[in-house]
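> Before anything else, here's the structure in question.
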Amino acid sequence: YARGASHFNPKSVLFRSDQMWQIVVSDIGLAITAAVLVYASFVWSAGAVVRFYGVPYLMVNFWLVSITYLQHSSPRVPHYNDDEWTFLRGALCTIDHDYGWLLNTCLHHINDSHVAHHVFSLMPHYHAVEATKHLKKKLGKYYYHNDTNFLVALYRTMRYCQFVDDTGSVLFYRNTSTPLKVE
């Protein structure tokens, strides 16, 4: 990033001038949240705040980041430079993961109907499972899915997807130490 890049500075090089007030409002929201958490620590104890706010916050963010990472990272899924990219190609560069009935339901099927979410981004989420059934049939071998155990999939993705090639029009994830094994 350029010098002066900050997500908290309304005049940062990261933002356009018309976004200044959005950053100010966001900063005020963060300050209020921090103040409420400090106040709650005095009223109920820091341990209670960690237990009832901090731990759930970390759990939600773990799932959010992990699932997003797994949906968009795989040695099998191509990435496209500007000369090859189209909306549909970009939308199909995602992977559905099946984590079993309980997790799929708790996560509102965003993990096992993510391809449909990308292709039909304005479709309500409660239609995504049905749309996925039809997409699987229509896309055939171009439908990416992975039924590997969550932790195994996370480990493999972290091991094999360390960087994206920087030459060519169709790019793939690679790593520096392990030969590519596409499963």
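> Tell me the label-point distance for the pair Leu154, Lys137, using the 7 Å Cα-to-Cβ offset, in nm and rounded to one decimal.
Using points 7 Å along Cα→Cβ, the separation is 3.5 nm.
> Right, here's the next one. Using Cα atoms only, what is the angle between the long axis of helix 55-72 and the major principal axis of the chain, expressed in degrees (0 to 90) to the nearest 10?
30 degrees
> For q = 0.11, 0.16 Å⁻¹, what log10 I(q)/I(0) does the chain give under the Debye formula with an equal point scatterer on each alpha carbon and no solvent?
-0.72, -1.15
> Now for a separate question. Using only Cα atoms and rounding to the nearest 10 degrees, what angle (0 to 90) does helix 20-44 make with the longest principal axis of the chain?
Tilt of helix 20-44: around 70 degrees.
> For the range 97-165, with all protein chains present and a 1.4 Å probe, just round the carbon and sulfur fraction of the accessible area to a whole percent. Don't skip to the answer; put the middle values down first.
Values: 2860 of 4590 Å².
Accessible surface attributable to carbon and sulfur in the range 97-165 totals 62 percent.
> I've got another one for you. Collect residues whose amide H, placed 1.01 Å from N in the peptide plane, falls under 5 Å from the amide H of His145; neighbours closer than 5 in sequence don't count.
So His145 has HN proximity to Asp96.
> Residues of the chain: accessible area per residue at 1.4 Å, in Å²? Kindly include the intermediate steps, with their values, before the conclusion.
On the way: 12740 Å² over 183 residues.
I get 70 Å² per residue for the chain.
> What are the principal axis extents of the Cα atoms in the range 1-45, in Å, biggest first?
Principal extents (Cα only, largest first): 41, 20, 8 Å.
> Going by average Cβ density within 10 Å per residue, which order do the peptides 47-59, 96-108 take, highest to lowest? If you can, show how the numbers build up before the last one.
Working: 47-59: 12.5, 96-108: 14.5.
Answer by packing, highest mean first, reads 96-108, 47-59.
> Using r as the Cβ-Cβ distance of Gln162 and Phe62, and R0 as 22 Å, what FRET efficiency do you calculate, to the nearest 0.05? Show your work: numbers first, answer last.
Details: r = 20 Å, r/R0 = 0.93.
Given R0 = 22 Å and the Cβ-Cβ separation, E is 0.60.
> Given +1 on the Cβ of Lys and Arg, -1 on the Cβ of Asp and Glu, and no further charges, what dipole in debye does the range 124-183 carry about its Cα centre, rounded to the nearest 20? Please report the intermediate quantities before stating the final value.
On the way: 9 positive and 5 negative charges, 48 e Å.
Charge dipole of the range 124-183: 240 debye, to the nearest 20.
> Can you tell me the 0 to 90 degree angle between the C-alpha axis of helix 128-139 and the longest principal axis of the chain, rounded to 10?
30 degrees
> Give the residue from Thr94, Ala48, Leu151 lying farthest towards the positive end of the charge dipole for the chain; charges sit on Cβ (+1 for Lys and Arg, -1 for Asp and Glu) and the dipole is referred to the Cα centre.
Of Thr94, Ala48, Leu151, it is Leu151.
> Based on Cβ point charges of +1 for Lys and Arg and -1 for Asp and Glu, what charge dipole magnitude is obtained for the range 27-144 about its Cα centre, in debye rounded to the nearest 20?
On the way: 8 positive and 8 negative charges, 79 e Å.
In total the dipole reaches around 380 debye.
> So, in nm, how far is label Asp18 from label Ser169 when the simple model puts each one 7 Å beyond its Cα toward the Cβ?
Result for the modelled spin labels: 3.4 nm.
The values are calculated or read from the model by the stated rules, or taken from the named source; none is laboratory data. Values in this document were obtained by computation on a predicted structure and should not be read as measured data. Counting neighbours? That spans all protein chains shown, and the Cβs are built from the backbone with ideal geometry, glycine included. Protein only, heavy atoms only, side chains kept; ligands, DNA and RNA dropped before computing areas. Shrake-Rupley method; radii C 1.70, N 1.55, O 1.52, S 1.80 Å.
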